[in-house]
Amino acid sequence: MSAVFPTVREVLALDPVRHGAPRVVAGDAGLDRPVRWVHVAEVPDIATLLGGGELVLTTGIGLPADDAGLRAFIGDLADVGVSGLVVELGRRYVSGVPRVMAAAAERRGLPLVELRRATPFVRITEAVHALIVDAQLTELRAAEEIHQRFTDLSVEGADAAEVIRQAAELSGCPVVLENLSRQVLGYDPAGESAELLLDGWEQHSRRIRPAGRTAYDPDSGWLVTVVGARGQDWGRLLLRWPASGEVPMPTARAGEPTAAPPTRLSILIERAASTLALGRLIRRDAEGLERQLHRTLLTALLDHSRPVDEVALRAKALGVGLDRRHLVGVLVRHRADDPVGEGGPEAGQARLRDLSEAVGQALREAKLTALASAVDDNSVGALLALTDPATEDRALSAFADALRRVRLDAATGRVTSGADPFRSVRGADRSRPASGTSRGVGGVDPLRGGVGGASGGLIVAAGSGVSTLREARQSLVEARQIAEAARRDRRDLPVFRLPHVGLAGLLYLLRDEPRLQTFVERELGPLLEYDAQHPRERLLDTLRAYLGQGRNKSAGAAAAHLSRPAFYERLARIARILDVDLDSVEASLSLHVALLALEAVRTP
């Protein structure tokens, strides 16, 4: 994208200026300064009337006659930040501007130009101002295109990768999306080397400290905005300005930091961030009406979007009674996410659809009443409605066994679920499966993929049973969290429950929670920033060794392969950086939890 204002060099190339036979006599290093306006002046104290960025035109008739006055005149113009000074010869100066003026302009880096032929200043001002207005109109059109492009992306439900690609295409600059722990969620190098862009990203990102939600960090060259919605921030979107190979637009005053990027880039990155946040909230759905209703009701329980009385009423109308029932949230997912790039989005949807069908068939075979639906791109959730709390374990075991059988039958092609798996599941009257030929889940052998308990390659997780619908969300969320944590568990369990998940697993399942990431940053942020600036010291490893050995300093020094004096000195430095007492049990416990959380966040 081009700058809004023309440069001094571009102004000198205009026909009205070329008619005056311009010659740069000083300050040629500043010819790429932007010209915000053109001002004609014939008085020596004009600087007090200027605001910076002007190109001053003069015949010199009102300038001081003494050397000191000329130096002061040039100094005042440089101090206020004008773009340059153009002097027409013939009225005051015949053969050229005074040497003292040229020397002062060269010393201050101020472009000084002679016009050796008489030229009407009005033609110059008209040409330059027309150029500025045209550039501003171009800027407005570009901003309008940005708004239209990202509005279309929002309406179309574009994924994050497409939003990032469009932002990089519109700006011509590399764009990176990261979470609060500085992990890259998506990027587009805009034709540059992705390896160079992402090498040591976390350490590099921690040095980028813009002042505000959307701001430019001139030290790093990154324009940054926060990504989030409904008061909860979950990431940052970064755009590098200038892109590789470009020269940043210089400021009016020599020695100042790189100028901020054009306004439209700030508009672009903010619109892209809004589209990303909105896309996270919107879930496009192409399911049948009854399946959508099941999903709507489960989602309503998860996000409190509908009163529970309304959910109960609508579920009852679907044939699923939830009142006066013992409710258990269940989540079923593949241990591994859908492989990216293998078969495209259609293959992933087919994989999820087949899993949904298997869950629905298993619920019918186990004669269980439930709301069931896909709840995200990889998981199927169910809310079991049991008449007797004492049957909870037996019901879960029956469901896991039935799911195992359905998957075995699918592998051998003996049975398929011909009915809609999300039709109201009420018991024996819906238990008779249709005959036919079944596919494997997503076209893959359903028993491949490692352990998975009775379900074969799947994780079945169940939350705690609750007695009211108002508490159902707690059980569903718990089941989802247990399923996420169980992905790291190599045990072969038919059903994963909360007692199977330790602290490390609990933190892993909460790794995408912004509040956990904020906790990690609050506890360990200064130390992580220190390590980013001093990568050889690796004080985080020292802290990990100390806490991992139960705060035994001798054992910690041995684990860190350091002498005890060196280990003690590092611990003292850590205490100063974090401003904590490492001998405090409470402080050490908080740091240990933060370390475990950091490992969980960094583990894919």
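For segment 48-153, what does the convex hull of the Cα positions come to per residue, in cubic angstrom? Don't skip to the answer; put the middle values down first.
Values: hull volume 13.5 nm³, N = 106.
Given the Cα convex hull of segment 48-153, per-residue volume reads 128 Å³.
Kindly identify segment 100-167 as rounded, prolate or oblate by the Cα gyration tensor criterion: order the square roots of the eigenvalues as a ≥ b ≥ c, call it rounded if a/c is under 1.5, otherwise compare a/b with b/c, prolate if a/b is larger, else oblate.
Because a/c hits 1.5 or more and a/b fails to exceed b/c, segment 100-167 counts as oblate.
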For segment 557-596, the Cα-Cα pair-distance distribution in 5 Å bins from 0, as whole percents, is 6, 22, 24, 27, 19, 2
Starting at the first residue of segment 494-508, write each ³J(HN,Hα) from the Karplus equation 6.51 cos²θ - 1.76 cosθ + 1.60 with θ = phi - 60°, in whole Hz, x for Gly and Pro. x, 9, 8, 10, 4, x, 7, 9, x, 5, 4, x, 4, 5, 5
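Semi-axes of the equivalent ellipsoid for segment 1-112, please: Cα gyration tensor eigenvalues, times 5, square-rooted, ordered largest first, whole Å. Before the final figure, lay out each step's value.
Values: eigenvalues 87, 51, 33 Å².
Gyration-tensor ellipsoid for segment 1-112: 21, 16, 13 Å.
Using the per-residue mean of other Cβ atoms lying within 10 Å as a proxy for protection, in what order, highest first, do the peptides 62-71, 171-180 fall? Provide the component values of the computation, followed by the final result.
Numbers: 62-71: 14.4, 171-180: 23.0.
With the highest mean Cβ count within 10 Å placed first, the list reads 171-180, 62-71.
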Using r as the Cβ-Cβ distance of Gln148 and Arg23, and R0 as 41 Å, what FRET efficiency do you calculate, to the nearest 0.05? 0.35
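Find the Cα radius of gyration of segment 453-601, compare it with 2.2 N^0.38 Å by division, and give the number to two decimals. Can you show the working numbers first?
Details: Rg = 18.9 Å, N = 149, 2.2 N^0.38 = 14.7 Å.
For segment 453-601, the normalised Cα radius of gyration is 1.29.
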As an exercise, use a Förster radius of 60 Å and the Cβ-Cβ distance of Ser220 and Leu313 to find the FRET efficiency, rounded to the nearest 0.05. 0.60
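Relative contact order of segment 34-183, please, whole-number percent, based on alpha carbon pairs below 8 angstrom and at least 6 residues apart. Show your work: numbers first, answer last.
Working: 169 pairs, mean separation 27.8, N = 150.
Result for segment 34-183 is 19 percent.
What does the convex hull of the Cα atoms of segment 138-240 come to per residue, in Å³, rounded to a whole number? Numbers along the way, then the final one.
Numbers: hull volume 12.0 nm³, N = 103.
Cα convex hull per residue, to the nearest whole number: 116 Å³.
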Taking amide H positions as placed 1.01 Å from N in the peptide plane, with prolines and chain starts having none, which residues 5 or more places from Val35, or on another chain, fall under 5 Å of its amide H? Thr7, Val8
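Any read-out appearing in this document is the output of simple, stated calculations on the displayed coordinates, not a laboratory observation. Note that this is a predicted model, so its numbers are computed, not measured. Please note: Cβ atoms are built from the backbone with ideal geometry, for glycine as well, and neighbour counts cover all protein chains shown.
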